[in-house]
Structure formats: C-alpha cells, structure tokens
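Written below as structure tokens is the structure these notes are about.
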Amino acid sequence: MPHRIFEKSTPHVDISKLPHLGMNKKDFIEDFKRYYGHRLGRDANCRSLHYAYEALALAISDRLIERWKDTYNAYRESNCKRGFYLSMEFLMGRSLSNAMLNLGVTDVISKALYDLGLELEELVDAESDAGLGNGGLGRLAACFIDSCATLQLPVTGYGLRYEYGMFSQTIVNGEQIENPDHWLKNGNIWEIERLEYAQKIKFGGHTEHSFDEHGNKVTRWVDTHDVLAVPYDTPVPGYQNRTVNVLRLWKATATSNFDLQEFNAGDYAEAVAAKNSAENITMVLYPNDANENGKVLRLRQQYLLASASLQDVICLWVGRRGHDFTHFAEKNCFQLNDTHPSIAVAELMRLLMDEHKLSWNQAWAITSKTMAYTNHTLLPEALEKWSVGLMQALLPRLMEIIFEINARFLSEVSARWPGDGARLARMSIIEEGGDKQVRMAYLAIVGSYSINGVAELHSKLLQQGLFKDFYELWPAKFNNKTNGVTPRRWLAACNPDLAELITKTIGDGWLTDLSQLAKLKPHADNKAFRKAWTQVQLANKQRLIEYKKEEIGIELNVNALFDIQVKRIHEYKRQLLNVLHVIHLYDRIKRGDTANWTNRCVLIAGKAAPGYAMAKKIIKLINNVGNVIHNDPEVGDKLKLIFLPNYRVSAMERICTGADLSEQISTAGKEASGTGNMKFMMNGALTIGTLDGANIEIREEVGEENFFLFGLTEEQVQELRPHYNPWAMIAEDNDLQRVMNLLESGHFNQFEPGIFNDIVNSIKSPHDPWMTIADFRSYVDAQKQVEIAYNDKERWTRMSILNCASSGKFSTDRTIAEYNNEIWKLTPTAAIKSQD
Ligand code: 26Q
C-alpha cells in the first residue's frame, strides 16, 4: 500500500480565484520592492547584490508557480501519458536569466531594474550555479528537461538534491585544490519542499517468504533500516508557451519513528548517529565522471533515487486509478540516464509484486514496457558493476529479484542458442568469479524496451562491440539519439548580441526551430553581414577577456586566435595532445621559425576527479607550460597558454561566445558524443577535431571544407593498436622529438624534478590506449590549416557564419522530438490559463 508519511491537511483553501500576476514593469517594480523590503527585510543601506537578486528571483518564481499549477492541471485533466527522466545528475547552472527569457520578460525587467538604479547583469551574476552534476551527462539532463517543457511534453525530471554539488576548483602552485560547494548556504529560492509527498526507503534487513490464503507466494522485506526521501520541486519553464514542468529532487532524512525508537531506548547518541547516516545519503555528489566501483554510499544514493521516484509515480497512479495496473504501461515511461538509476528495473518489479500484489508475469510485462535506457560511454572500465554480496546486504529483496530476472533471461538465451555456454556466461547479468558482480548495463538492457547511444558512431559501436550479443538477440530495441543542447541557454541567453543579429536577419523562429538557422547561409556571402558578425564576435572576445582578467591576472590580445578546450580532464579527451602542440609552437618561437606567425591564445579549463592522479598531473603540466611561456620575454603576444580555474555551466556561457576555435580532439571511438562541441559551433566557433562522437555529424552538417579534421579513424585506431610504436614515431618526426626533449629535459619543471615522468611514460608507452603520439603530426598539420584560414579574415568569418547556420540539428528540441516519436510517444499538452 502506498503510504503518506505526512498527513495531507484537510482544510480546503480555495485560491482558484486568485488574479494572475501582472507582467508589466510596474508590477515587477512593486513586487521587487515588497520582496526586498518586507520578505527579505532590507533597506537602502543594504549593499549586497545577493538580496536584490533574491527579490527579483522571488518575483519571477511567483509567475512560474502560477503557470506550473496550470500545467499540472492540464496534464491531469487530459489524462495524458507521462514521461519520467531518472538521472543522478542535473547540472542546471543558474536559473534567473533562463526563467526571464522563457517568460519573455527580460527587457521589461531590465528596464524595471534600471529605474531602480540596478544593473540586470550584476543580479544575474549574483546567482550561484546549481552544480548537481559532473559534466556532459548531467548538463544533457538539464537541456532535455528544458526542451521537454518547450515542446509541452508531460515529462518530470527525478534526481537527488545533493547538499554539496560539484566541488569548486582553485589552482594553487599549478595544482587543483577542491573546495566544497555548499550551494544551498544562502538558500535556494527556486525550490519548494513537499513534505506531504515524502517516501519511505528501505535498506538492509532480510526477506521472509510465505503463502497467502490463495496459495500465492508472499515476500516480506523486514527488519529494514528506513530512510525518508523528501522531494523538493523546481519549476522548469518552456519557451514562452505557459508550460512549466517540474524537476523533483529527493533529499534523504531520518524517519521520525526510527529516531524515536532509539531515543526511547535511551541511546540518544545512537539516534543522532542514525539521523546523520540517513542524511549522509544525499550529502554529496560523487565528483567522478567515470565509474568509481563499489562504494556503498553510491548504491544507497542510486536506490533512493529509483525507489522514491517509482513510489511517487505509483502513488499518483493509485490516487487516481486505484489498484488496477492494467493500463499503467500505456500511461507511464521511464528514461534511465545511464545505468546509474538502473536498479529501478528491479525496484519496479518489487513494488508491483510485493506492495501491489501483481504476479511476476504481470509485473514484468509492465516493467519491460516502461523502462528505456540511454548509454553514455564506450569505455569498458566505466561500466557499472556492483558486488552481489554488497547488494545482498544492502538490498536483499532487490538481489533476489535480479537473480530471478537473470534466470528467466538466460533460459531465453539458451532457447535461442542451445548449448552455447560461452554466450550464456558472456550475457549473464551476474558476472561469475571470486567476487560475483551484477552488471548493471545488462540489467538495464534486459529490463528495457529501448536502448540508445548518444551519437551515430557511438550507437553503432555499442551494437557492434560492447552490446553485440544483446543486439543479436533484440536488434529492434537498439537505436540512436544524437545529443543536443538547448538553444535558449546556449545561444539566445548567453549570446544576446549574436541572437539579436540572427533575429534581425532571419526572424525569431529559430528559437523553437533551430533548423531555421540555415537561412543564415546565403548571408555568409554578404560583406555587410560578415562585418556585423565579426563585430559581435570581437565584442564577445573582449567580454571574455574582461571576465577572466581578474581571475588570471593576464591581459589577452583580442586579435589573437582564441583556441579553447573546456571539458572534464581525461586522458581520452587528450588535453595532452593540445599541450604537445603548444610546446611545439613555443619551440618554433624559440628557434625563430615565426614567419607569418598567427598569435594564439590557448585556453584550457576543466575539473579532474579528485582520485584521478594522471588527470591532476595534466592540470599541473598545463599550468607549468603556461607559466614558462608567459615568463619568456621572447614569446610576448605570440602565444599564451592559460588554465581557467573552476570551469562550470556559467563559465561556459561566457567562454563559448568568445571562441574562435573549438578543440574536440579525443581518440576516435572514445567520446560517446560530446556536447561542448555543439555549444561552440552554435556560437560560431570552428572545430578542430577527430572523427569521434558527434564531431562526425557536426562535420557532415557544416561540410568538410568548414571543419578542421585530423587523426586516425576508429577503425585505424583498432588496426594500429597491436603494433603501435610511439618511439618510432618520435624518432621519425623532428618536431615531435624536440617537443619530447623539452618535456623530458625538465624545461617545464626545473625546480620540481621528475614530476612529469608519469605523463611522459604514458604517452611513450606502446600500450597507451589513447595513442596521443600517433595523432601528433596530423594535428599539427591541421592547426597550420587553421592559421591559414584565420589569417584570411573574410574566409574565417564566412566559415564562422556557416558553422552557426549549420548547427540546427544540435538542438535538444530535435533530440527530444526523436525520443518522443520513437520511444516515449507522449502527446504534447498545452497548459490552460486558469483565469481565461
Ligand atoms: C558512476 C559510478 C560512481 C560514481 C560516478 C559515476 C559516473 C558519474 C558520471 C559515471 C559517469 C558519469 C558521467 C558521464 C558522462 O558525462 N558522459 C558523457 O555524457 C555526455 C552526454 O551524453 C556525452 O556527450 C559525453 O561524450 C560522455 O562522456
């Protein structure tokens, strides 16, 4: 039975006749003053921008909440099918400017604030990022829910409300220092706590099996340590369409009776400790964007997300339809953002069987028709596994169910391939061996009706490699959904000058139909338009310089080629290849090879997982090389290498507008898609890249003449691997030899002997999985082509315009429309304005 932890209060407060809040300047000024003066209790003496930001955000939030209720009612009344996006990460960034854009009030607010003597941009900058994610996967979830609201799809995001988000990064002596991100310390005005929808989550204990009076098997999961999951709702506005969806994040707290038991037994300290251990579950986001295997706290997080979200959906169902689940699968679907929430497959089985008395077959028919799984990685070492022993101790009932799912699945495999024992072992959800493991990706595949990769190449490699056996069994389940980014945040809001130029030229239809950017293509041949384009780009570069000036203490030259690589630090993303090229340029300056030189400013940013030693060393190397270059008077403006600390969503909103060149240089076959590549392209940067992830599709869209391609293909990487010989490649390439000599001679670590030995050894190893050395020559050659193009300003601007004009495919509106047409099949449902 679903239970309400918190009794719904009985008094009926009729607020249906509330007038809608005004959207004029006067209305906002009034509300702003009231919030600032009354709710926040400030006066003219207050000099903190924070409260001005809060007062404005409260006024905006009120408008969102009105529309949110209307949307909710529209969904309820239409009885539509619902979608749920389950993700351990939602990297939302800031909310204020996005909310204003989507409500269509940016100009009105800007004028209202001007009247109050305030600058909108300053208030926007006073908001801290909601950094509840690591990188691509978390930001994708945020872009997805934005597009769902814009397409008026009834989709709810479910995630965790971490007390501490992604750590903030400072650089001390060239090294990364992690600082806790207590993002809630000043409160969070966008969220509403909903205690009445709290859910109880069980951990530990054991199972008891018996039969009921009809002879049906009954399982009870007992002696559990329970935790409460309390939801916090954040509005997710669509673009100027009155739809406001919700992001529901769960916070773990102690259950009140759990506390009480211990307290009554006289053990106060135990009770407090228990409370702490419950609240620890959602205390912190795991800051690694590859698998950190086996941490029990991570499994608790995953289960809390899955269980609370599924119970929430079932509560809603039972509340409206009672205990008949016949049509549940027609009316609900769940998209699993990687395997992180994939325990949901077993949890939905448990809830339907143990709590709602469905048979195995009934429960399985529902589960396997409602779950859909998205994979985000090809790296085999990143595939999630949990030890069976740990799962048995923490989630004993779930482990039983997984065994049963596996047994039934393997008998299906045996029937299809009789006597193929090797195949059974390969495909089993349970990896046999000393320490048995649950393969979460296999659980997700077996339990889902759709499995997708995030770019064409990635999906193809999943089918031919990682999940080949499953593809043979169920080819129709597999599909591709190439990623995207929301053009509202990643063009309209972050680059208002370019957005204005675009709208002036082709109208504003592009905001909700990005393919219309193609209308810009003919304007690439118009000299006046190119001039306007360049002016915007230059102003953006200048703004980026100003933004970073204080932080880095270095003045950059706006005419230099801004060459930017921002993303998590990972060996496969090959920031090292970038550094090798910079060292090569430095070497050319030192040996006087500077005829027709192109000034270049290389910016690198990104966080390293705290436990990833090699990634941290790479940050140190970037900083040391940058310093040597900066302190060498012979170099001057010719070359800069700068590491920008604390890369995050709000930083990218500046950075992507001021880039000339976007570095997308991963080893082919390793980057599932990439999404930074799309943000840069949309804002008019040109890409230098390998044939990896979505780069391939970017190049297809923009045309090979407008893309700087280099490097081995995925197939060539596979072919070369057995006889890869970096030493021979170094010996044959004089430039590379000189670069390696500089590195090995300690030129960049004169007072820190040996610190880069690991890096040097890794790239010189014939077993280097990322084959950095193999792509050096073609990378340097491609960079020369970049310089030739950059020095022809008219040509470069044309290419820049064509990149933006060809980025239409990479809107998450397109991605989400595909998810919906091919997987979810939800009906767009418009919000009804309650007053009209
Ligand atoms: C797993 C277990 C324990 C702790 C952490 C994790 C973990 C957390 C985050 C594993 C992976 C991630 C994130 C992965 C990620 O961001 N992948 C990226 O997803 C993007 C969106 O699809 C792609 O564009 C990128 O290519 C892919 O690297």
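The table for this structure:
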{"item": "Computed lengthening from residue 38 to residue 321, 0.36 nm per intervening residue step minus Cα-Cα distance", "result": "97.5 nm"}
{"item": "Protection-proxy order for peptides 695-702, 741-748, 344-351, each taking the mean of Cβ atoms within 10 Å per residue, highest first", "result": "344-351, 695-702, 741-748"}
{"item": "Expected 222 nm ellipticity per residue - DSSP helices of 4 or more, -39500 (n - 2.57), all of the chain, to 500", "result": "-13500 deg cm²/dmol"}
{"item": "18 Å Cα-Cα reach of residue 460 towards lysines, excluding residues that sit fewer than 8 places from it in its own chain", "result": "468, 477, 481, 670"}
{"item": "Euclidean distance of C-alpha centroids, region 125-175 and region 797-836, integer Å", "result": "20"}
{"item": "Amide H within-cut-off set for residue 671, under 5 Å, with H built and near neighbours excluded", "result": "693"}
{"item": "For the chain, size of Cβ-based charge dipole, Lys and Arg +1, Asp and Glu -1, in debye", "result": "1260"}
{"item": "Difference of contour (0.36 nm per residue) and Cα-Cα distance, residue 752 to residue 220", "result": "185.4 nm"}
{"item": "Distant-in-sequence amide H partners of residue 245 (H built 1.01 Å from N, under 5 Å)", "result": "236, 238"}
{"item": "Entries of 573/616; 590/638; 531/809; 111/541; 331/825; 549/640 with Cα pairs more than 18 Å apart", "result": "531/809; 111/541"}
{"item": "The chain: translational diffusion in µm²/s, Stokes-Einstein, Kirkwood Rh over Cα pairs, 37 °C, 0.692 mPa s", "result": "115"}
{"item": "Prolate/oblate/rounded call for region 535-587, Cα gyration tensor, a/c under 1.5 rounded", "result": "prolate"}
{"item": "Fully extended contour minus Cα-Cα distance, from residue 767 to residue 209, at 0.36 nm per residue", "result": "195.7 nm"}
{"item": "Least to most buried among 656, 333, 315 (fewest other Cβ within 10 Å first)", "result": "315, 333, 656"}
{"item": "Check: region 350-389 dipole with +1 on Lys, Arg Cβ and -1 on Asp, Glu Cβ, in debye", "result": "160"}
{"item": "Normalised contact order of region 396-549, rounded percent, pairs of Cα under 8 Å and 6 or more residues apart", "result": "12"}
{"item": "Region 114-200: C-alpha gyration tensor shape, a/c 1.5 cut-off, then a/b vs b/c", "result": "oblate"}
{"item": "Cα point-scatterer Debye curve for region 333-451, base-10 log of I(q)/I(0) at q = 0.10, 0.14 Å⁻¹", "result": "-0.29, -0.58"}
{"item": "Sites residue 716 and residue 426, calculated FRET efficiency, Cβ-Cβ separation with R0 25 Å, nearest 0.05", "result": "0.40"}
{"item": "Alpha-carbon Rg/Rh ratio, for region 605-761, with Rh computed the Kirkwood way", "result": "0.98"}
{"item": "Point-charge dipole on Cβ atoms (K/R +1, D/E -1) for region 291-349, about Cα centre, debye to 20", "result": "120"}
{"item": "Phi to ³J(HN,Hα) by Karplus 6.51 cos²θ - 1.76 cosθ + 1.60 over region 645-662, Hz, x for Gly, Pro", "result": "x, 6, 4, 7, 4, 5, 5, 4, 4, 7, 4, 5, 7, x, 8, 8, 10, 9"}
{"item": "Those lysines that a straight Cα-Cα span of less than 22 Å connects to residue 275, excepting residues fewer than 8 apart in one chain", "result": "185, 200, 202, 251, 295"}
{"item": "Residues in region 522-555 that a label on residue 794 would reach, taking backbone N under 12 Å of a point 7 Å out along Cα→Cβ", "result": "525-528, 530-531"}
{"item": "Interchain or long-range residues, amide H under 5 Å from residue 485's placed H", "result": "811, 812"}
{"item": "Label-point separation in nm, residue 30 to residue 515, each point 7 Å along Cα→Cβ", "result": "4.5"}
{"item": "Reach of residue 69 by Cα under 17 Å, taken over aspartates and glutamates that are not fewer than 8 positions away in the same chain", "result": "14, 77, 191, 193, 196, 233, 836"}
{"item": "Derived scalar couplings ³J(HN,Hα) [region 387-402; Karplus, 6.51 cos²θ - 1.76 cosθ + 1.60; whole Hz; x for Gly, Pro]", "result": "5, 4, x, 5, 5, 5, 6, 8, 9, x, 5, 5, 5, 4, 5, 5"}
{"item": "DSSP beta bridge pairing in the chain, given as percent antiparallel to the nearest 5", "result": "45"}
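A short reminder: the numbers here are calculations on the coordinates, not readings from a lab. What you see is a predicted model; the values in this text were computed from it and never measured. Reconstructed Cβ throughout: ideal geometry from the backbone, glycine too, with neighbour counts over all protein chains shown.
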